[in-house]
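Undergrad: Handing you a structure now.
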Amino acid sequence: MSSFWEYANPKRFMQISSAAVPWIGGAALLCLVIGLGWGFFYTPDDFRQGSTVKIIYLHVPAALMAINAWLMMLVASLVWLIRRHHVSALAARAAAPVGATLTVIALATGAIWGQPMWGTWWVWDPRLTSFLILFLFYLGYIALWEAIEDPDTAADLTSVLCLVGSVFALLSRYAVLFWNQGLHQGATLSLDKEENISNVYYVPLLISIAGFVLFFISLVLYRTRTEIRARRLRALIARERLA
Amino acid sequence: MIPDLGKYASEVLSAYAVSFLLLVLIVAVSVKRSMTVRNRLRAFEARRKKR
């Protein structure tokens, strides 16, 4: 069996990701069409929330992936700091704009949902606030990569920023448990049957979540390939200047 | 075709519209940057081979 670290070799990564991206991207599209289509067209209105319950198929998967994208960046950053594999640093860099986009989707759909249900677009609730801070961390992380010319120094500093931001990624996940005040409800998905959402909404929601997960994986792989090429281009230009 | 969304139609439809727009935008930006970088790398490598 080949070692996991084999994939840290850019050439090997390019070979494998080239074959994987179309399949994962296709599966993502299929899950999104089925999950969102089922949720939007074929699920009933909630007795309290009316048709706004259909926003759940976007809001929950986007919020889930906004947090998990940062945690993926954390793992990739740790791999960079400990083992100095360039692909992991580039994967973290590639994931940041995708994670930031998913955070905006979660914040926007949350505000649109909150207005008719809570009577306000925004409230300084622990979960909402920690999510907004997470978004600012995403922006800071992207800006830091752009601001530093030397890629290794940029990878070092952004990795440290990622470690610090992980506190808010976890906080935004568990804020509802830490502080009871606030408007945001608890977890939508639960192993407790009483707490979990009704089966009518559960299955399409799971398919939507799978779609968002696969969408994230395929787009991050695709963007990492671009970052590897960009790094090679920079190296070739630098080599030519020295010659 | 579109189900009856009642009095919350504008909220539901705008949530879907904003989300689709952002998803399409991040994919489009990623594809555009990928094509730019790939073309520049190809052109650079072709120029090096000629020399």
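Undergrad: Each residue of the range A:9-14 in order: what ³J(HN,Hα) in whole Hz does its phi give by Karplus 6.51 cos²θ - 1.76 cosθ + 1.60, θ = phi - 60°, with x for Gly and Pro?
TA: So the J values, rounded to whole Hz, are 6, x, 5, 5, 4, 5.
Undergrad: Let me ask something else about it. Roughly how many debye, to the nearest 20, is the charge dipole of the protein assembly as shown about its Cα centre, given +1 on each Lys and Arg Cβ, -1 on each Asp and Glu Cβ, and no other charges?
TA: So the dipole magnitude of the protein assembly as shown works out to roughly 2120 debye.
Undergrad: State the answer as a single residue: which of A:Leu128, A:Pro10, A:Ala92 lies farthest towards the positive end of the charge dipole of chain A, with beta carbon charges of +1 for Lys and Arg and -1 for Asp and Glu, about the Cα centre.
TA: In chain A, that residue is A:Pro10.
Undergrad: Going by Cα centres, the range B:27-51 and the range A:36-111 are how many Å apart?
TA: Taking the Cα centre of each part, the range B:27-51 and the range A:36-111 sit 30 Å apart.
Undergrad: Here's another thing I want to ask about it. Among all the lysines, which ones have a C-alpha under 30 Å from A:Lys54's C-alpha, if same-chain residues fewer than 8 places away are not counted?
TA: Leaving aside lysines fewer than 8 places away in the same chain, those within reach of A:Lys54 are A:Lys193, B:Lys7.
Undergrad: Next question, about the same structure. Using label points projected 7 Å from each Cα along Cα→Cβ, tell me how many nm separate A:Ile237 and A:Tyr42, to one decimal.
TA: Placing both labels 7 Å beyond Cα along the Cβ direction yields 5.1 nm.
Undergrad: Scan chain A and hand back the longest stretch that contains none of the trypsin sites (Lys or Arg not before Pro) lying in DSSP loops with at most 16 other Cβ atoms within 10 Å.
TA: A:85-192
Undergrad: Using θ = phi - 60° and the Karplus curve 6.51 cos²θ - 1.76 cosθ + 1.60, what whole-Hz ³J(HN,Hα) does each residue of the range A:107-113 get, with Gly and Pro shown as x?
TA: Couplings: 5, 5, 5, x, 5, 5, 6 Hz.
Undergrad: Additional query: Please name which of A:Val213, A:Ala143, A:Leu71 has its Cα lying farthest along the dipole of the protein assembly as shown towards the positive end, using unit charges on Cβ (Lys, Arg +1; Asp, Glu -1) and the Cα centre as origin.
TA: Looking along the dipole axis, the top candidate is A:Ala143.
Undergrad: Among the lysines, which have Cα under 24 Å from the Cα of B:Lys32 when same-chain residues fewer than 8 positions away are ignored?
TA: Excluding near neighbours in sequence, the set is A:Lys11.
Undergrad: Distance from a point 7 Å along Cα→Cβ of A:Leu139 to each backbone N in the range A:146-161: keep the residues under 16 Å and list them by number.
TA: Residues A:146-147 fall inside that zone.
Undergrad: Another question, then. Apply 1/(1 + (r/R0)^6) to the Cβ-Cβ distance of A:Ile148 and B:Lys49, taking R0 = 41 Å, and write down the FRET efficiency to the nearest 0.05.
TA: 0.80
Undergrad: For chain A, modelled as a Gaussian network with Cα springs under 10 Å, which listed residue fluctuates most, A:Trp124, A:Trp38, A:Trp145?
TA: Answer for the Gaussian network model of chain A: A:Trp124.
Undergrad: Under a plain spin-label model, where a point goes 7 Å from the Cα along Cα-to-Cβ, how far apart in nm are A:Trp23 and B:Ser14?
TA: Here the answer is 4.3 nm between the modelled labels.
Read the figures in this text as sums done on the coordinates, not as results from a lab. Only a predicted model underlies this, so the values are computations on that prediction, with no experimental measurement involved. Neighbour counts run over all protein chains shown; Cβ positions are idealised from the backbone, glycine included.
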